[in-house]
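The values are calculated or read from the model by the stated rules, or taken from the named source; none is laboratory data. Just so we're clear, the structure is a prediction, and the values are computed from it rather than from any experiment. In this analysis, Cβ positions are derived from the backbone assuming ideal geometry, glycine residues included, and neighbour counts consider all displayed protein chains. For the accessible areas, the whole protein counts, side chains as well, though only heavy atoms, and no ligand, DNA or RNA atoms are used. Shrake-Rupley method; radii C 1.70, N 1.55, O 1.52, S 1.80 Å.
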Amino acid sequence: MSPRVDSLPAGYQARLTSDRRDLTTLRACAREFTRRFSARAVTGAVLVAAAARLGVGHWSWHDALVPVVIIGLQPFAEWAIHRHLLHMRPFRVAGRRIELYGSIQHRRHHRDPADLNRVLLKPPEVITFLIQIAVISPLVVWLSTLVLGGLLLPVTLTAITVSYLGLLRYEWVHFLIHTPYRPRSRYYRGVWRNHRLHHFKHEGYWLGVSSNLGDRVLGTNPDQRTVKRSPTARTLTRT
């Protein structure tokens, strides 16, 4: 049975969901997802990082701590990137109008959220995220080893692997939300519903994609019945 979505306007589901009647099962969605550049690039990065980690060895309790920290931080990283980067307005530097590439792509996604070709990160974005993770992880791990100890290279490779898995999870959940596949679990029903509210009701709320935790903690998960529908949810011209 399809989940009830409280008091949403007519056409809500149709306007936000790809018209791909073949994508109603997880298997079909996964098959389509793995054909996309983003899924293949991130999966490849996960495999390379995991192979390097297995090859280095020297496992310790620090490796068990890494996933806990990253899983705990990911909802807030998603929230911050979504709110402050993807929704960033154009700005001027020395008289020139500048808009981030990611912001441009995200604006296009809001204009046509049913277009699956605009859901996943574009190649430049994927490559940028993979490089950023590979560059930032050693610095963060090095700082943590000053306090907690541990070997830099093994823990860094663990952090990179888990971070790449987090990126893959984000891409998969976002893709799945915009397919005709309907929620089965309570957890997925929550993120499915909130992301649709973000697109259709108000772009300033419900900023999580793979998790609602950031919204709950940071105050952007109101009762949708108390929020007036934003006229700029599809254009992002105000935020």
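Annotations
- Taking the criterion of being touching a Phe, Trp or Tyr at 6+ places or on another chain (Cβ under 9 Å), open to solvent by 30 Å² or more (accessible area, probe 1.4 Å) and in a helix (DSSP H, G or I), the only residue of region 135-157 that qualifies is 152.
- Restricting region 13-66 to residues that are among the basic types (Lys, Arg) and surrounded by fewer than 16 Cβ atoms within 10 Å (Cβ to Cβ), the residue that is nearest to residue 167 (Cα to Cα): 40
- Scanning region 209-239 for residues that are more than 21 Å from the chain's Cα centre (by Cα), without any contact (Cβ under 8 Å) to a residue 60 or more places away in the chain and exposed (fewer than 14 other Cβ atoms within 10 Å of the Cβ) returns 223, 226, 228, 231, 232, 237, 238.
- When we screen 69, 126 for residues that are part of a helix (DSSP H, G or I), of a type in the set (Val, Ile, Thr) and more than 30 Å from residue 234 (Cα to Cα), the only hit is 69.
- Residue selection: residue 127 satisfies the criterion of being farther than 15 Å from residue 62 by Cα, modelled with pLDDT of 95 or more, aliphatic (A, V, I, L, M) and surrounded by fewer than 16 Cβ atoms within 10 Å (Cβ to Cβ).
- Restricting region 158-191 to residues that are in a helix (DSSP H, G or I) and free of Cβ contacts under 8 Å to residues at least 24 places away in the same chain, the residue that is surrounded by the fewest Cβ atoms within 10 Å (Cβ to Cβ): 186
- Residues in region 60-106 that are under 19 Å from residue 202 (Cβ atoms), at pLDDT below 95 and charged (D, E, K, R): 89 only.
- Single residue of 178, 199, 174, 195 found to be of a type outside the set (Val, Ile, Thr), under 15 Å from the mean Cα position of the chain (by Cα) and over 25 Å from residue 42 (Cα atoms): 199
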